[in-house]
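Written below as structure tokens is the structure these notes are about.
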Amino acid sequence: MNWLKRLFSRRRVYGDLSDEIREHLAEKVEELVASGMSTEEATHVARREFGNVELVKESAHEVWGWRWLEDLIEDLRFGVRMLRKSPSLTVVAVLTTAFGIAANVSVFSFVDGLFLRSVPAKNPERLVRIVAPENGGEGLFSIPEYTYLRDHTKTVEELTAHYSSAPLYISANGETGEVQAAVVSSSYFAMLGLQPYLGRFFTREEDAVPDRDAVAVLGYGLWQRIYGADPGILGRSLLINGHNFGIIGVMPPSFQGVEIGGMPNEIWIPAMMIRVGYRHCDGFQPSCTVLQLMGRLKPEANASEGRAEIATLMEQLRTSGSGFDERLGVSVTPAIGISGGREYFLLLTRLLTTIGGLLLLIVCANLGGLLIARGTARGAEIAMRRALGAGRGRIVRQLLTESVLLACAGGALGLLISLWTSRLLVGFYSVDDEGYRHLFDIRPDASVVLYSVAVTVTAGVLFGLLPALQASTTDWNQVLKSGGSSLGSSRSRSRAVLVTVQVAFSLALLVGAGLLARSAARIEAGTNMDVRHVLGLRLPLSLIRYPEAKAYTFKREVVRRLRELPGVESVSLAKGQGLVWHVNLGARIKLPGKTYPKPANEPLIGYKQVAPDYFATLKIPFIAGRDFNESDQPGSPAVAIVNETLASRITSDKLPLDQTIRVEDKPYQIVGVVKDAQIRTVIEGAAPVAYVPFWQDETLLEARMCIRVKGDPAAALPMIRKTIASIDSEVPVTETMPLIDQVRGAYTDARVASAVLSCAAMLGLMLSAIGLYGVVSYEVSRRTKEIGVRMALGADFQDVVQLFLRQGIVMVLAGGMFGGVLALATTRLLGAWLFGVRPSDPLSFGAAVGVLVAVTLIASYLPARRATRVDPMVALRYE
């Protein structure tokens, strides 16, 4: 071990000696130059004096082979020391870098949580999803399809079916309410490698006979919330959608389901109890496809073999004559990321990634300008190192080491900031437009950390490379003779170019932020409607198997009672999913006077069943005609109200009152025309919509209500709940939200895009202003003598200010021209989030340019004004 001790001893001595040699050489050269010796002669004498020491060090490097490591350690030590000598610049650079990196890491955390993470399971590498779409379907499966595949597949083991978004109405331990549940096959738990926290999971025998074994496993959170974590709940029962279920176990605390970005599950029931868990069709019929399939590929099988086998089995089912629909294809893919809505999030992710990239470029340009200015201040030092024999590569490496050190400090801080900003980003999606909570796991994992390291190093090289190259190409002899003044003009031009780049990107961000801000305002204000002071709720009578006749009477009574409440202005009902005014273009219409070769050629329109006072409650204006009334009952003539877009398609020269249209081959007489009230993007355009009477259909069980009140809708909710419960306390009241919150939830992506782009634009604008201020300030200090001469020759305050304002305006004009073209090119990508605003909206462009010009004038005026306070006599003596 003695040779190892000698090795570390020598390396320690040589490492310390390296710093001493550099400092002594610099002091010696300065001493010799001060005594009258030329720089070249002084350098030669100093190197000869210390040459023996360098030779000893070089030989040690060759013997031990540690030169690269010692050089790196030396660069790091020297870089840390130089950063400590300029704490103000270091703090500014670290903070600036932190914000740029935090933005990018936040976006990546969002992407990682949605698209890159596997389903929470043991050994997820062979876990796959199986999808087989049918005509008009989403690739889901029925119970008969699942059982056939389970019993015949040879490539997939532990094949599992699950319906993980089942809303169940429960009554347990004296409490009632709707919870999110999962209807799953018995193999679900083993496939995921789960162990119960309490009790057990249901067995294959308990999941073998339809409607026989009503057993349930509770989620850990539900067990704590309703039962107070009572370990004695096993064997007790609860009501689920009116059916009695026995509690057999509790899930582990960390597990809330397999749907990434989905609603966390709180109860699990067997797939054979699908009739309780799904109410819209008979789950045991081949046409009732509601289940997702997951499984684990066998070690000897691959995805293509699994896909071929499943496709063959599905074809066997279809040709068996048992009512199975034809599938359009089969895919077997890794169980990674969200299983549905990928396109919805991908579009937003592309935008967020672009914003993060632009912001990082602005940050790098800003820091590049700061390091160029710092390089100017260190001109004499760098020239001295070149004079002492340091090569160009050595200088570049040292300066890049310092910039990467800055980036690493900023990256570490940025990673911490991203923990907050990532939660803020996904917080927009935590509650949807129906009031359901969603779960996004964005805790940083190894991929997030690796990404942050990669972005950090890349940023450090980006903003450090130009200053390092510029410093390394400096004529060191000329710099030493001139005292550093020869560095000014070339580096000033480089900083001006970087500021111009910042301005260009900032303008593009400002224009986009303006467009999205106006769009978000249009969404909340509504178009031809007013959703303020309106409460929305849902009465899912089918959850508790209400008879049709009883449901009809119940809804009538609810409307009557609510209208009598103090503070309630109007009440109405609507049928359909989502927002009460949301319309899907899914109904085929035959316009009067037009013929169609076949039904597939008939145009599609929106179709919504609404009760009287629907338009009054949402304040949708009538253009002509009447509202639905009490005479529009079952058996009365079918009537309809159309919006102005549909009215213009029926007839272009007059309102189509009293004309007849056929919707889904049923005739309706038009009795009214209303304004377009659907929130639509520029890409989508206005939607044609036909409204039909709610009360003419006695079979409607589901009902969404909109209730306009005088004050805060949320404050009126307890009174409204109490009134509904007084009619029938067993009826669940769900999705209770003010409609303005439903709007925000429905258009979350537009709100996210607006918020993120606005923050990026403000940060980019601030950095551009700092860059402008820095360039003009440097020009003021560099041209101090010139200013003195001008003022001595009679220049006044206005002349000096204009001199430097002109420089700032030139940079902004150059950046503005490029930024304007960039904005025009990129804003067209925002069409999916623009509601009531065109991509070329002149107000948004004008406001962005106005803000940029105002910031430019301020950033240029402040240092220019300081220049006018220079004493001409002091300036003339300035060096």
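The values are calculated or read from the model by the stated rules, or taken from the named source; none is laboratory data. This is a predicted model, so every value here is computed, not measured. Every residue, glycine among them, receives a Cβ derived from its backbone with ideal geometry; neighbour counts consider all protein chains shown. The protein model used for the area step is the full one, side chains on, heavy atoms only, and it has no ligands, DNA or RNA in it. Shrake-Rupley method; radii C 1.70, N 1.55, O 1.52, S 1.80 Å.
So, in the range 514-570, of the ones that are closer than 30 Å to Gly277 by Cα and hydroxyl-bearing (Ser, Thr, Tyr), which residue ends up modelled with the lowest pLDDT?
Our first condition is that a residue be closer than 30 Å to Gly277 by Cα; within the range 514-570, this holds for 535-559.
Checking which are hydroxyl-bearing (Ser, Thr, Tyr) leaves us with 542, 546, 552-553.
Numbers: Ser542: 79, Tyr546: 82, Tyr552: 88, Thr553: 90.
Selected residue: Ser542.
Answer yes or no: is there a residue in the range 319-341 that is in a helix (DSSP H, G or I) and among the basic types (Lys, Arg).
Our first condition is that a residue be in a helix (DSSP H, G or I); within the range 319-341, this holds for none.
Checked against the condition, which is being in a helix (DSSP H, G or I) and among the basic types (Lys, Arg), the range 319-341 yields no hits at all.
Restricting the search to the range 255-275, which residues are open to solvent by 10 Å² or more (accessible area, probe 1.4 Å) and either among the charged types (D, E, K, R) or part of a strand (DSSP E or B) (or both)?
Answer for the range 255-275, where residues must be open to solvent by 10 Å² or more (accessible area, probe 1.4 Å) and either among the charged types (D, E, K, R) or part of a strand (DSSP E or B) (or both): Glu259, Glu266, Arg275.
Mind checking which strands (runs of 3 or more DSSP E) fall wholly inside the range 623-726 and carry at least 3 residues that are in contact (Cβ under 8 Å) with a residue 12 or more places away in the chain, of a type in the set (Lys, Arg) and touching a Phe, Trp or Tyr at 6+ places or on another chain (Cβ under 7 Å)? Explain how you work it out, then say what you get.
Numbers: elements: 639-643, 660-663, 666-674, 689-693, 702-709.
The strands (runs of 3 or more DSSP E) meeting that bar number zero.
List, please: which pairs have Cβ atoms under 6 Å, are six or more places apart or on different chains, and start with a residue in the range 548-563 that is more than 29 Å from Lys710 (Cβ to Cβ) and end with one that is open to solvent by 10 Å² or more (accessible area, probe 1.4 Å)?
Glu548/Thr699; Ala551/Leu701; Tyr552/Glu698
Give the range 213-231 a look and list any residue that's in a loop (DSSP other than H, G, I, E, B) and either touching a strand residue (DSSP E or B) at 6+ places or on another chain (Cβ under 9 Å) or among the aliphatic types (A, V, I, L, M) (or both), or say none. I'd like the intermediate steps shown before the answer.
We begin by selecting, within the range 213-231, every residue in a loop (DSSP other than H, G, I, E, B); these are 213-214, 219, 228-230.
Selection gives Asp213, Ala214, Gly219, Ala229.
Spot the failing condition for Gly379; the list is (1) under 25 Å from Val752 (Cβ atoms); (2) modelled with pLDDT under 80, and only one is missed.
(1)
Taking the conditions exactly as written (modelled with pLDDT of 85 or more and either open to solvent by 60 Å² or more (accessible area, probe 1.4 Å) or over 16 Å from the mean Cα position of the chain (by Cα) (or both)), does Leu450 satisfy them or not? If you could, list the steps in order and put the result at the bottom.
Details: modelled with pLDDT of 85 or more: yes; either open to solvent by 60 Å² or more (accessible area, probe 1.4 Å) or over 16 Å from the mean Cα position of the chain (by Cα) (or both): yes.
Yes, satisfied.
Residue-by-condition table, conditions (1) touching a Lys or Arg at 6+ places or on another chain (Cβ under 8 Å); (2) closer than 26 Å to Phe615 by Cβ:
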position	(1), (2)
Ile707	no, yes
Asp712	no, yes
Ala716	no, yes
Arg721	no, yes
Ala725	no, no
Ser729	no, no
Thr734	yes, yes
Arg744	yes, yes
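Within the range 581-597, can one find any residue that is under 19 Å from Val743 (Cα atoms), modelled with pLDDT of 85 or more and surrounded by 17 or more Cβ atoms within 10 Å (Cβ to Cβ)?
No, every residue in the range 581-597 fails to be under 19 Å from Val743 (Cα atoms), modelled with pLDDT of 85 or more and surrounded by 17 or more Cβ atoms within 10 Å (Cβ to Cβ).
Out of all the residues in the range 276-312, which are part of a helix (DSSP H, G or I) and buried (at least 18 other Cβ atoms within 10 Å of the Cβ)?
Looking only at the range 276-312, we keep the residues that are part of a helix (DSSP H, G or I), and these are 276-277, 303-312.
Result: Val276, Gly277, Gly306, Arg307, Glu309, Ile310.
Identify the residue in the range 227-254 that is open to solvent by less than 10 Å² (accessible area, probe 1.4 Å) and aliphatic (A, V, I, L, M) and, among all such residues, is nearest to Ala121 (Cα to Cα).
The residue in question is Met251.
Tell me yes or no: at least one residue of the range 474-495 is surrounded by 21 or more Cβ atoms within 10 Å (Cβ to Cβ), modelled with pLDDT under 90 and of a type in the set (Lys, Arg).
For the range 474-495, residues surrounded by 21 or more Cβ atoms within 10 Å (Cβ to Cβ), modelled with pLDDT under 90 and of a type in the set (Lys, Arg): present.
Looking at the range 83-138, which of the residues that are farther than 29 Å from Leu317 by Cα, among the polar types (S, T, N, Q) and not in a helix (DSSP H, G or I) is most open to solvent (accessible area, probe 1.4 Å)?
Out of the qualifying residues, it is Asn123.
Residue under question is Arg806, and the condition is that it be in a helix (DSSP H, G or I), among the basic types (Lys, Arg) and open to solvent by 10 Å² or more (accessible area, probe 1.4 Å); does it hold? I'd like the intermediate steps shown before the answer.
Values: in a helix (DSSP H, G or I): yes; among the basic types (Lys, Arg): yes; open to solvent by 10 Å² or more (accessible area, probe 1.4 Å): yes.
So Arg806 fits the description; yes.
Checking Leu515 against (1) open to solvent by 10 Å² or more (accessible area, probe 1.4 Å); (2) of a type outside the set (Phe, Trp, Tyr); (3) touching a residue at least 60 places away in the same chain (Cβ under 8 Å), which single condition isn't satisfied?
Among (1) open to solvent by 10 Å² or more (accessible area, probe 1.4 Å); (2) of a type outside the set (Phe, Trp, Tyr); (3) touching a residue at least 60 places away in the same chain (Cβ under 8 Å), the lone unmet condition for Leu515 is (1).
Considering Ser768, Ser729, which residue is of a type in the set (S, T, N, Q), out of contact with any strand residue (DSSP E or B) (no Cβ under 7 Å at 6 or more places or on another chain) and open to solvent by less than 40 Å² (accessible area, probe 1.4 Å)? Steps first, answer last, please.
Details: Ser729 fails: open to solvent by less than 40 Å² (accessible area, probe 1.4 Å).
After applying the criteria, what remains is Ser768.
Does the range 358-365 contain at least one residue that is closer than 19 Å to Leu462 by Cβ, at pLDDT 80 or above and not aliphatic (A, V, I, L, M)? Step through it out loud before you land on a result.
Initial filter on the range 358-365 (closer than 19 Å to Leu462 by Cβ): 358-365.
Still in the list and also at pLDDT 80 or above: 358-365.
Next cut, not aliphatic (A, V, I, L, M) only: 364.
Looking through the range 358-365, at least one residue is closer than 19 Å to Leu462 by Cβ, at pLDDT 80 or above and not aliphatic (A, V, I, L, M).
Take the range 215-226 and flag every residue that is of a type outside the set (A, V, I, L, M) and open to solvent by less than 20 Å² (accessible area, probe 1.4 Å).
Keep residues of the range 215-226 that are of a type outside the set (A, V, I, L, M), which gives 219-221, 223-225.
Hits for the range 215-226 are Gly219, Trp223.
Residues checked against (1) at positive phi; (2) of a type outside the set (S, T, N, Q); (3) at pLDDT below 85; (4) open to solvent by less than 60 Å² (accessible area, probe 1.4 Å):
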residue: Ile641; (1), (2), (3), (4): no, yes, no, yes
residue: Arg662; (1), (2), (3), (4): no, yes, no, no
residue: Lys666; (1), (2), (3), (4): no, yes, no, no
residue: Ile670; (1), (2), (3), (4): no, yes, no, yes
residue: Lys675; (1), (2), (3), (4): no, yes, no, no
residue: Gln678; (1), (2), (3), (4): no, no, yes, yes
residue: Thr681; (1), (2), (3), (4): no, no, yes, yes
residue: Tyr691; (1), (2), (3), (4): no, yes, no, yes
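Let me spell it out: the conditions are (1) buried (at least 16 other Cβ atoms within 10 Å of the Cβ); (2) out of contact with any Leu (no Cβ under 8 Å at 6 or more places or on another chain), and Lys550 meets all of them except one. Which number is the exception?
So Lys550 meets the others, but not (1).
For the range 177-206, what are the residues that are small (Gly, Ala, Ser) and touching a residue at least 40 places away in the same chain (Cβ under 8 Å)?
Step one: list which residues in the range 177-206 are small (Gly, Ala, Ser), which gives 177, 181-182, 185-187, 190, 193, 199.
Residues satisfying the conditions are Gly177, Ala181, Ala182, Ser185, Ser186, Gly193, Gly199.
I need the full set of residues from the range 168-210 which are open to solvent by less than 30 Å² (accessible area, probe 1.4 Å), outside any helix (DSSP H, G or I) and among the aliphatic types (A, V, I, L, M), in order please.
Result: Leu168, Ile170, Ala172, Val179, Ala181, Ala182, Val183, Val184, Leu194.
Enumerate the pairs (first residue in the range 500-512 and outside any helix (DSSP H, G or I); second residue anywhere and of a type outside the set (Gly, Ala, Ser) and surrounded by 24 or more Cβ atoms within 10 Å (Cβ to Cβ)) with beta-carbon separation below 7 Å, excluding pairs fewer than 6 apart on the same chain, so at least 6 apart or on different chains.
none
Looking at the range 411-447, which of the residues that are of a type in the set (Ser, Thr, Tyr) and more than 17 Å from Ala755 (Cα to Cα) is surrounded by the most Cβ atoms within 10 Å (Cβ to Cβ)?
Kept after step one, since they are of a type in the set (Ser, Thr, Tyr), are these residues of the range 411-447: 418, 421-422, 429-430, 436, 447.
Still in the running and more than 17 Å from Ala755 (Cα to Cα): 436, 447.
Numbers: Tyr436: 18, Ser447: 14.
Checked the range 411-447; the qualifying residue surrounded by the most Cβ atoms within 10 Å (Cβ to Cβ) is Tyr436.
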